[in-house]
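What follows draws every value from the coordinates through simple rules; no lab data is involved. From a predicted model like this one, the values you see are computed outputs, not experimental measurements. All Cβ positions, even for glycine, are placed from backbone atoms using ideal geometry, and neighbour counts span all protein chains on display.
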């Protein structure tokens, strides 16, 4: 994907590269407004929920409500509401002001070890009392109140992070910052924080004291850069997990690189991240495959099927769709195949282009605006040629609309619970009282990467700049590897993860309720 400030961010799945003319999100189909809203997005439940908004244990994320849904207002500590359609309350006593992208950076009010509550969309008196106690240094009281808050709203990662920070109190601990878009999309922020909160909890129980500093970049480039500067200047922070989107990651990455503070991005896929200058060693990495890997994986899988002459459908007006098409076509051309026809889904009657194309396979790389056109292509094909598709097809709409015409279609995915390294998915479900999604899995992996690098570099609390350098050196060392929910994690010199994208196949099934399921390839 390419990145531009002239794009619209999806309030549901967090995808920030929709074109300004797009009516719906290119990834999840969420209707788009042309101005950002701070109102929390309340995802639906049941078969209408898409992968980007929630997760799943043992199956596909978008078919059930889960722990990635909004944290509701706590009204009964013994039986808190868990309805995904509940309207979260607004906490009038919250210390973080409501802000919008483009406003001056508020770094002091956007950082918290537990001394302020950053999420303002759910009122919880115990959280506020715990923050006040933490700020005064009364860690015992803070822990008691955060524990109460955690019991009241089980799926709130902010409460668990502050609880563990308070339990550590003044004990020397490694400091890791997690930068998420709370002010822009609190649900996405919580999804990311659940992964690092789970990893912190496991690390502490294993005897490694780690404190997490939560930071809100509001999905705003200027705020992200300001936060990056503040973190670079904070000697207690030896590593950063973030940022939540490609735009903010690109804005902050040069700051971390120049300041030699290791940053692991869990969700930024833009190929531009690999172009950040790496003078003085590499300090910028990511655990999610880039767009180049997605296109390459599709091309290589198609070649293993003995197909070399695909017809490719994409949207020339979509940066997301164009990026995948470029990566796919380039790899295919270099490795023995050739695109026989390139069809713009935004023009004319794309399905009619199948006749007489001479293709031996179909590749569908739509965005949300052209998704229905891609479905129409599959329906006209009706199983005659094998079909491969980008991750925009990893949604319930594909199964509902495509039905039997998609049987056998191969789709790229960033994570699938049935391919997750045990026991991550099961542990997450037990910890949060529901299923999690790919953002949670990948932020968990980002923590595991920093943890492994800390071990390799023998980094101890209060190590400051030397600890950062040791972690950065470990990450950049050939042969470095960490284990996470997505398996072994290693990096290329560019900081990109050295991996391939997961592939799933559409098959008849009963779990989704549509008659078809996404099933991981062996």
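Structure notes:
- Our analysis of the stretch 127-211 gives Rg over Rh at 0.95, with the two radii drawn from alpha carbon positions and Rh computed by the Kirkwood formula.
- Counted over the stretch 346-498, the DSSP beta bridges are approximately 45% antiparallel.
- Debye log10 I(q)/I(0) for the stretch 339-395, one point scatterer per Cα, at q = 0.17 Å⁻¹: -0.48
- The alpha-carbon atoms of the stretch 257-357 define a convex hull whose volume equals 118 cubic angstrom per residue.
- Difference of contour (0.36 nm per residue) and Cα-Cα distance, residue 465 to residue 400: 18.1 nm
- Under Stokes-Einstein, with the Kirkwood radius over Cα pairs as Rh, the value for the stretch 465-522 at 37 °C and 0.692 mPa s is 227 µm²/s.
- Panel note: the C-alpha atoms of the stretch 434-476, placed on their principal axes, show extents of 39, 21, 14 Å (largest first).
- In summary, the stretch 181-337 shows an alpha-carbon radius of gyration equal to 1.24 times the 2.2 N^0.38 Å reference for compact globular proteins.
- For the stretch 324-396 and the stretch 426-481, distance of Cα centres in Å: 38 Å
- The stretch 179-218 - Debye-derived log10 I(q)/I(0), Cα point model, q = 0.22, 0.29, 0.30 Å⁻¹: -0.67, -0.89, -0.92
- At an R0 of 30 angstrom, the distance between the Cβ atoms of residue 349 and residue 305 translates into a FRET efficiency of 0.65.
- Take the convex hull of the alpha carbons in the stretch 305-436; its mean projected area over all directions comes to 9.4 nm².
- Diagonalising the gyration tensor over the Cα atoms of the stretch 400-522 and scaling each eigenvalue by 5 before taking the square root yields semi-axes of 36, 17, 9 Å, largest first.
- Along its three principal directions, the equivalent ellipsoid of the stretch 302-348 from the Cα gyration tensor extends over semi-axes of 20, 12, 7 Å, largest first.
- Cα centroid separation, the stretch 131-146 to the stretch 255-291 (Å): 35 Å
- Per-residue packing, averaged as other Cβ atoms within 10 Å, sorts the ranges 354-367, 177-190, 206-219 into the order 177-190, 206-219, 354-367, beginning with the highest.
- Förster-model FRET efficiency, 35 Å R0, residue 141 and residue 233, C-beta, rounded to 0.05: 0.70
- Between residue 426 and residue 278, the simple label model (points 7 Å from Cα in the Cβ direction) yields a spacing of 3.8 nm.
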